[in-house]
Amino acid sequence: MSLHITGDDDADRLLSEDPLALLVGMLLDQQVPMETAFAGPEKIRSRVGSLDAARLAAMPEDDLLAVFKQTPAVHRFPGSMAGRVQALCAAIVDDWDGDASAIWTRGEPDGSEVRKRLEALPGFGEQKAKIFVALLGKQYGFAGDGWRDAAGAYGEEGAFRSVADIVDAESLTKVRETKRAAKK
């Protein structure tokens, strides 16, 4: 499995290989282009030296904020997003023993359970959880029963609604067109 979301080989490789990176990218995916949001974990990793939930959760807030503010910024709202990433990492450490993938692998959960687990995370509401379930099912190999139902419209085959549907430049364009049409 190889994700192609950001257009940056290093960032896409990290997203493909590191479940925490994928979760952080999804968390950052608001009020910035998708490519910027999902490139964020690679910026964090390269600046901190690793992308480790325990390390990020334990960092002094000001140090993590400096990582987010460094040019180019991780997000256009570095203060609030650094805090959200830190809260997400703390929840992964506290609730999932630091293993982000446990959210969709521990106990062989079905799609509904994974969505429920995602919605319990800081920064993940219903829509973000649905999109992430679709991303897991469509591109990350998650095959839990009912994942398409749990993802709602984002789980539909052949849809171009979200980051879950981006596999190349053409699909990115289709997702952008769908989003523009929905805003009208």
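Of the residues screened, residue 87 is one that is in a helix (DSSP H, G or I), out of contact with any Asp or Glu (no Cβ under 8 Å at 6 or more places or on another chain), within 28 Å of residue 9 (Cα to Cα) and aliphatic (A, V, I, L, M). Looking for something part of a helix (DSSP H, G or I), more than 13 Å from the chain's Cα centre (by Cα) and among the β-branched types (Val, Ile, Thr) - is there at least one such residue anywhere in segment 43-54? Scanning segment 43-54, I find at least one residue that is part of a helix (DSSP H, G or I), more than 13 Å from the chain's Cα centre (by Cα) and among the β-branched types (Val, Ile, Thr), so the answer is yes.
Residue 131 meets the stated requirement of being touching a residue at least 12 places away in the same chain (Cβ under 8 Å), open to solvent by less than 50 Å² (accessible area, probe 1.4 Å) and within 25 Å of residue 172 (Cα to Cα). Test residue 107 against the stated conditions and say whether it is small (Gly, Ala, Ser), within 21 Å of residue 42 (Cβ to Cβ) and either without any contact (Cβ under 8 Å) to a residue 12 or more places away in the chain or assigned to a loop (DSSP other than H, G, I, E, B) (or both). No, not satisfied.
How many residues are open to solvent by 10 Å² or more (accessible area, probe 1.4 Å), of a type in the set (Gly, Ala, Ser) and under 16 Å from the mean Cα position of the chain (by Cα) when one looks only at segment 69-89? Looking only at that region, the number is 2. Looking only at segment 56-68, residues that are in a helix (DSSP H, G or I) and without any contact (Cβ under 8 Å) to a residue 12 or more places away in the chain come to 4 in all.
Given the criterion at positive phi, open to solvent by 60 Å² or more (accessible area, probe 1.4 Å) and in contact (Cβ under 8 Å) with a residue 60 or more places away in the chain, identify the matching residue among 123, 141. Being at positive phi, open to solvent by 60 Å² or more (accessible area, probe 1.4 Å) and in contact (Cβ under 8 Å) with a residue 60 or more places away in the chain holds for just one of 123, 141, which is 141.
No other residue among 172, 135 is touching a Ser or Thr at 6+ places or on another chain (Cβ under 9 Å) and within 23 Å of residue 33 (Cβ to Cβ) apart from 135. Scanning segment 156-170 for residues that are surrounded by 15 or more Cβ atoms within 10 Å (Cβ to Cβ), assigned to a helix (DSSP H, G or I) and over 16 Å from the mean Cα position of the chain (by Cα) yields nothing.
Of the residues in segment 55-68, not one is out of contact with any helix residue (DSSP H, G or I) (no Cβ under 8 Å at 6 or more places or on another chain) and either buried (at least 16 other Cβ atoms within 10 Å of the Cβ) or of a type in the set (Ser, Thr, Tyr) (or both). Across segment 148-181, the number of residues qualifying as over 20 Å from residue 2 (Cα atoms), without any contact (Cβ under 8 Å) to a residue 40 or more places away in the chain and not polar (S, T, N, Q) comes to 10.
The values are calculated or read from the model by the stated rules, or taken from the named source; none is laboratory data. These numbers come from a predicted model, not from an experiment. Cβ sites come from the backbone with ideal geometry, for glycine too, and all protein chains shown count toward neighbours. Please note that ligands, DNA and RNA were not included when accessible areas were found on the heavy atoms of the full protein model with its side chains. Shrake-Rupley method; radii C 1.70, N 1.55, O 1.52, S 1.80 Å.
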